[in-house]
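Input: a single structure, listed below in structure tokens.
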Amino acid sequence: QVQLVESGGGLVQAGGSLRLSCAASGRSFSRYAMGWFRQAPGKEREFVAGISWSGISTYYADSVLGRFTISRDNAKNTVYLQMNSLKPEDTAVYYCAARSYLSGVGGRGDEYEYRDWGQGTQVTVSS
């Protein structure tokens, strides 16, 4: 089990930027691949970005490719999501999630493989 706490959300105008952080504690952070998901009002939760334990492999939803960047700093037990050129449709609650190699490896991972979740942080993009 790993505890995850997101931060960095807020209100930003379209075209602006935000950087989300996810601080992890409880177990060895380097054992986990990490992912960001989001859920907009009235919609299902969707995958946004993922990163392997090494940080070498990254994965992005088509809707954010080229605008968002996921990264991690294992020494700080933290994963980040840099969001640039934000659009109103990016408005959602953003969740950080952890995927153990014991649950699955390779690719972005299925949602059920992400066993630990943060409480989420609100991102609102005004037009």
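The values are calculated or read from the model by the stated rules, or taken from the named source; none is laboratory data. Note that the coordinates shown come from a computational prediction; the quantities given were computed from them, not determined experimentally. Positions of Cβ are generated from backbone atoms using ideal geometry, with glycine treated the same way; all protein chains shown enter the neighbour counts. When the accessible area is computed, the model is the full protein with side chains, heavy atoms only, and any ligands, DNA or RNA have been set aside. Shrake-Rupley method; radii C 1.70, N 1.55, O 1.52, S 1.80 Å.
Go through segment 1-27 residue by residue and tally those that are touching a strand residue (DSSP E or B) at 6+ places or on another chain (Cβ under 7 Å) and more than 14 Å from ARG115 (Cα to Cα). Steps first, please.
Within segment 1-27, the subset touching a strand residue (DSSP E or B) at 6+ places or on another chain (Cβ under 7 Å) is 1-14, 17-26.
Of the ones still in play, those that are also more than 14 Å from ARG115 (Cα to Cα) are 5-14, 17-23, 25.
The number of residues fulfilling the criteria is 18.
For segment 103-127, a residue qualifies if it is at pLDDT below 95, open to solvent by 60 Å² or more (accessible area, probe 1.4 Å) and over 20 Å from GLY15 (Cβ atoms), and the qualifying residues are VAL105, ARG108, ASP110, GLU111, TYR112, ARG115. Of all the listed residues (LEU4, LEU86), the sole one being assigned to a loop (DSSP other than H, G, I, E, B), modelled with pLDDT of 95 or more and among the aliphatic types (A, V, I, L, M) is LEU86.
Return a yes/no flag: does segment 92-102 have any residue that is among the aromatic types (Phe, Trp, Tyr), open to solvent by 90 Å² or more (accessible area, probe 1.4 Å) and either part of a loop (DSSP other than H, G, I, E, B) or under 14 Å from ARG19 (Cα atoms) (or both). Yes, segment 92-102 contains at least one residue that is among the aromatic types (Phe, Trp, Tyr), open to solvent by 90 Å² or more (accessible area, probe 1.4 Å) and either part of a loop (DSSP other than H, G, I, E, B) or under 14 Å from ARG19 (Cα atoms) (or both). Summed over segment 44-69, the residues that are touching a residue at least 24 places away in the same chain (Cβ under 8 Å), of a type in the set (A, V, I, L, M) and part of a loop (DSSP other than H, G, I, E, B) give a count of 1.
I'm trying to understand the selection: among the residues of segment 7-43, which are among the aliphatic types (A, V, I, L, M), farther than 16 Å from TYR95 by Cα and in a strand (DSSP E or B)? Hits for segment 7-43 are LEU11, VAL12.
For (1) polar (S, T, N, Q); (2) open to solvent by less than 80 Å² (accessible area, probe 1.4 Å), each residue gets a yes or a no:
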| site | (1), (2) |
| --- | --- |
| VAL2 | no, yes |
| GLU6 | no, yes |
| LEU11 | no, no |
| ARG19 | no, no |
| ALA23 | no, yes |
| GLY26 | no, yes |
| TRP36 | no, yes |
| SER52 | yes, yes |
| ILE56 | no, no |
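Considering segment 61-78, the residues that are in contact with a Ser or Thr (Cβ under 7 Å, 6 or more places away or on another chain) and open to solvent by less than 20 Å² (accessible area, probe 1.4 Å) include one that is nearest to PHE47 (Cα to Cα), namely ILE70.
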